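Remarks on the structure that follows.
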Amino acid sequence: MEHLTGFAPLAARYDGFILDLWGVIHDGVNAFPHAVNTLRHLRDAGKRTLLLSNVPRPNDAVQTMMRRMGIEDALYTDIMTSGEAVRRGLIDPPDAWWANLGRRMYHLGPERDRPVFEGLPIEVVDRPSEADFMLNTGPDDHRNPSDMAEFEADLQESAKHGLKMICANPDLVVIRGGVRVLCAGSLAVRYRELGGEVRSLGKPEPEVYQPVLRQMGLPADRVLAVGDSLHTDITGATRVGIASCWVLDGIHGAALSDGAGGFDREKTEAAAAAANLSPVASLPRFVW
């Protein structure tokens, strides 16, 4: 693994880039100025960039949020979110598992994630006992998003009734405005422990990369994935044979810190090796 200080050397080696959003481009509240600058450099160099994010909202909702942050549409080529992939799966089921879900859905998640299913022929019910399946988009706005115990009763009740779960964000945790909070992926892990059946759409699942590579129109060996999470970004790229760059100033930042404002190379190498992953490079942040 190379340990670089800027992205420019990697930009010269590839034609297209699959870029994570949360932790690389923004922190859920504000855009990173250095990342916006890097997007400008890539655009000016004629590189193709696709933003691939485990956000449980459709593409257009996420683009609206990014515009408010100052991330213009013209700064990237395309976008795909896990929420968009789930919505498409509900509209056009990819297999029998999806086709046989039923129409009565229990939603575990905040109101802002409703665009994933709004306008679809689905009846949203209030209790797991009334549902055919569950859509998990993450902790809702009425409970502590950092405490798994807050959601235990919902998960146990859903498992009791044998509900299949769609996980619309495989991330385990995220840093939101400097605070670590649970994501839908953590709830899905607990649901599996309770015996529940789960399907996830998003990184690191290979299914989400198939439409992404088609959209990019490039061979896999000309594409580099960039992300801050070993569990999703780096693992997902590895599963589909895409090279990856690990941004350290994200979800793993505290664990990899050298105590002086930088990152410890030995810790970085050890963490990647422990996960059996081999990113081609590490980068302190997505800076040019």
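Values quoted throughout were computed directly from the atomic coordinates according to the rules given, and no laboratory measurement underlies them. It should be emphasised that the depicted structure is a prediction, and the values quoted were computed from it without experimental measurement. Here Cβ is always computed from backbone atoms with ideal geometry, including for glycine, and neighbour counts include all displayed protein chains.
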Relative contact order in percent for region 94-200 (Cα pairs under 8 Å, 6+ apart) equals 25 percent
Grab the DSSP H runs of the chain that are 4 residues or longer, score each as -39,500 (n - 2.57), total them, divide by all residues and round the 222 nm result to the nearest 500 deg cm²/dmol. -8500 deg cm²/dmol
Restricted to the chain, the DSSP antiparallel beta bridge percent, nearest 5, is 15 percent
With an 8 Å cut-off on Cα pairs and a minimum separation of 6 or more residues, tell me the relative contact order of the chain in percent. 23 percent
In whole angstrom, note down how far apart the Cα centers of region 106-169 and region 17-77 are. 28 Å
Between ARG239 and ASP141, take the C-beta separation as r, use R0 = 35 Å, and let me know the FRET efficiency to the nearest 0.05. 0.60
Distance (nanometres) between label positions extended 7 Å along Cα→Cβ at HIS34 and ASP73: 3.0 nm
May I ask which of LYS203/LYS267; LYS164/LYS267; LYS47/LYS164; LYS47/LYS267 have a Cα-Cα span longer than 30 Å here? LYS164/LYS267; LYS47/LYS164; LYS47/LYS267
For VAL179, VAL62, order by how many other beta-carbon atoms lie within 10 Å, fewest first: VAL179, VAL62
Note on region 116-225, DSSP bridge orientation, antiparallel percent to nearest 5 equals 35 percent
If packing is taken as the average count of other Cβ atoms within 10 Å, what order do 202-215, 12-25 fall into, highest mean first? 12-25, 202-215
TRP288 to ARG192: extension gain in nm, 0.36 nm per residue of separation minus the Cα-Cα distance? 30.5 nm
With a/c under 1.5 counting as rounded, go ahead and sort region 168-232 into rounded, prolate or oblate using the C-alpha gyration tensor (a ≥ b ≥ c being the square roots of the eigenvalues; past the cut-off, prolate if a/b is larger than b/c, else oblate). oblate
